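See structure below.
We did not get these values from a lab; they are worked out from the coordinates using the rules stated. Here the structure is a predicted model, which means the values were calculated and not measured.
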Amino acid sequence: MLAEEAASVSPRTRALAAALTFELLWLLLVTASVVFFAAHLGPRSDDFSGDATVRGVLLVVVPPLAVVIGLALVGARQAVERAAAPNGPPLTNMLRIALWTAAIANGGVVLSILTSLYHAHTTWIAVGVVLAAALSAVGWACARTARAR
């Protein structure tokens with residue numbers, strides 16, 4: 001029975017589920033990096049904020065925000081798999097909220113990427129546009145799945 005369900009899942013659904021898993025891993029890596037740098041770099045650092053207030057805010061805000069977005073990504077993946085099941089149960093409100101949260105988070109990252117490309121070199125512009133397009137597609141798919149009844 002599991003093989004039949006796996007065979008009936010479309011490549012788009014598999015790609016979206018894989019993208020959401022990749023985003024979760026990326027979120028964990030970025031969160032760990034930001035928290036590490038905020039906690040360990042001193043006031044004379046030029047690469048990361050040397051301001052103690054900014055570092056403190058990062059240490060207080062980033063971990064809870066990462067937990068919320070991480071849970072949303074896990075819920076969004078479950079919702080995508082449930083929505084793709086031929087005779088699966090309908091999406092619950094919590095799964096729809098997870099999908100919308102993942103879509104909004106992707107939109108925020110896309111805006112962040114696009115605004116950071118203003119002074120970028122050509123290679124980074126190309127990479128940024130590709131990343132923004134991929135994240136836009138994932139956000140769009142999450143929003144479309146959340147709206148489907």
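Before moving on, here are some points about what is shown:
- To the nearest ten degrees, helix 11-40 and the longest principal axis of the Cα atoms of the chain are 20 degrees apart.
- Angle in degrees between helix 93-116 and the longest Cα principal axis of the chain, rounded to the nearest 10: 40
- Among (1) 34, 18, 13; (2) 41, 19, 19; (3) 25, 18, 15, the entry derived from the coordinates for semi-axes √(5λ) of the Cα gyration tensor in Å: (1)
- Region 2-147: relative contact order as a whole-number percent, Cα under 8 Å and 6+ apart: 24
- For region 108-149, the fraction of C-alpha pairs more than 13 angstrom apart is 55%.
- Calculated [222 nm] ellipticity per residue, helices only, for the chain: -28500 deg cm²/dmol; basis is -39500 (n - 2.57) per DSSP H run with n ≥ 4, divided by all residues, nearest 500.
- Rounded to the nearest 10 degrees, the inclination of helix 52-84 to the longest alpha-carbon principal axis of the chain is 10 degrees.
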